[in-house]
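Novice: Here it is, the structure in full.
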Amino acid sequence: YVEAGAGHDSNVNGGTFRARLDQAFGGSIDLRGSDAQGRGDAFGQVAAGVQQQWSVTPRFSVFASVDADLKANQDERAFDLGTAAVQAGFTQLREGGLWRLTLGWNTLWVGGNPNRSTFALGNEWQWALEGGWQLALLGQYNELRHSATDEVRDSRTTTLGVGANRNLGGRLGLSVGGRLSWSQEDNLRLRRDLDRTSPQLRLSLGLSPAPAWRLNAGFGAARSRYGDIDLGFQTLRVDTTLAADLVLSWAVTPQWTLRAEWIASRTDSNQTLYDSKRQSFALKARWQP
């Protein structure tokens, strides 16, 4: 596939919406105009990828994929984002379901500079149940390595989850789904204040009002609790994040798709530096053979 688009992001640097930061020992810091405060900007985005699957037996297949993505801001070029990812794995069909194992590696650039590399190992089991339901069990291990200036954040993350979805069909092609997961992040530099646990919930809804049109909506909630008291704030950090997204797709031809995306999120923390909110809207076109 090849994809291109443009839009606007209200918080390209992931900063806070607070104008002042209260200090643990009294007083406050003015954040206006600093990189700590969220900045909005227009952006352009391009992406491309390829995947190949080979059938070894009627029930066993292997696959590999390569993907790349670049998001360039109009003015805030220091917060341009680039990613590259490689994945490989296999799929084993079983009676009433399948088992998929995926090995992956991806790297992130910020402002044209290497920022973080991630090694991932994922395991997924899916079963088809009566009544049109599909059940999935998920397990994933990630190891994150940062650039030298931020290597204190090196960590490993383990995630376990369960998901279910159902295609209700009908005139609107309605589908519903949900996923509940739990993640444990352990810092590799003995910084317990950067350890965290995070339960997460996501609900989804999809419908097709016409054969070439598809609308997908999602809602997510997460709560992150860190492992030790932050020395700067003298508190144990706890974040709560709510997020929503809408995607409207139009299949213009079998190869060309136009897509409108809207994403909104808000994080509230007991440490005000991490209070943030974001809205992003984009229009994209994709070609896929």
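Novice: With a cut-off of 11 Å, note down the residues of the range 94-129 whose backbone N falls inside the zone around a label point 7 Å from the Cα of LEU137 toward its beta carbon.
Specialist: Label zone hits: 124-127.
Novice: Related question: All other residues with a Cβ under 13 Å from the Cβ of ASP150 taken together, and with Lys, Arg as +1 and Asp, Glu as -1, what is their net charge?
Specialist: +3
Novice: I need the phi-derived Karplus couplings for the range 228-237: 6.51 cos²θ - 1.76 cosθ + 1.60, θ = phi - 60°, integer Hz, Gly and Pro marked x.
Specialist: 7, 5, 6, 5, x, 9, 6, 9, 8, 6
Novice: Please identify, among SER175, SER147, SER55, the residue showing maximal mean-square fluctuation in a Gaussian network model of the chain using a 10 angstrom Cα cutoff.
Specialist: Largest GNM mean-square fluctuation: SER55.
Novice: Largest first, how would SER28, SER224 line up by accessible area (1.4 Å probe)?
Specialist: Reading off the accessible areas and sorting them downward yields SER28, SER224.
Novice: May I ask you to work out the translational diffusion coefficient for the range 238-281 at 4 °C, viscosity 1.567 mPa s, via Stokes-Einstein with Rh from the Kirkwood sum over Cα pairs, reported in whole µm²/s?
Specialist: Translational D for this selection: 104 µm²/s.
Novice: Would you mind getting the accessible area per residue of the chain, heavy atoms of the protein chains only, 1.4 Å probe, in Å²?
Specialist: 58 Å²
Novice: What does the charge count near GLN74 come to, summing +1 for each Lys or Arg and -1 for each Asp or Glu among other residues with Cβ under 15 Å from its Cβ?
Specialist: -2
Novice: A further question on this structure: Taking the structure as given and computing P(r) over Cα pairs in 10 Å bins from 0, in percent, which label from [x] 7, 32, 40, 21, 1; [y] 6, 25, 28, 22, 13, 5, 0; [z] 6, 19, 35, 27, 10, 3, 0 fits?
Specialist: [z]
Novice: Over its Cα atoms, what ratio of radius of gyration to 2.2 N^0.38 Å does the range 184-278 give?
Specialist: In units of the globular-protein estimate, the range 184-278 measures up at 1.52.
Novice: Report, in debye and to the nearest 20, how large the dipole of the range 1-145 comes out about its Cα centre when Lys and Arg carry +1 and Asp and Glu carry -1 on their Cβ.
Specialist: Magnitude of the dipole: close to 240 debye.
Novice: Expressed in nm to one decimal, what extension gain is obtained for the pair PHE119 and GLN53 from 0.36 nm per residue of sequence separation less their Cα-Cα distance?
Specialist: Contour length minus Cα-Cα distance gives 21.6 nm.
Novice: While we're here: Any chance you could look up the accessible area of TRP182 with a 1.4 Å probe, heavy atoms only, rounded to 10 Å²?
Specialist: 110 Å²
Novice: Count charges around ASP239 for me, please; just the other residues with Cβ under 10 Å from its Cβ, Lys/Arg as +1, Asp/Glu as -1.
Specialist: +2
Novice: Taking the Cα centre as origin and putting +1 on Lys and Arg beta-carbons and -1 on Asp and Glu beta-carbons, what dipole magnitude results for the range 108-175, to the nearest 20 debye?
Specialist: 200 debye
The values are calculated or read from the model by the stated rules, or taken from the named source; none is laboratory data. Note that the coordinates shown come from a computational prediction; the quantities given were computed from them, not determined experimentally. A quick note on method: Cβ atoms are made from the backbone with ideal geometry, for glycine too, and the neighbour counts reach across all protein chains shown. These area figures cover heavy atoms from the full protein model, side chains too; ligands, DNA and RNA do not enter into them. Shrake-Rupley method; radii C 1.70, N 1.55, O 1.52, S 1.80 Å.
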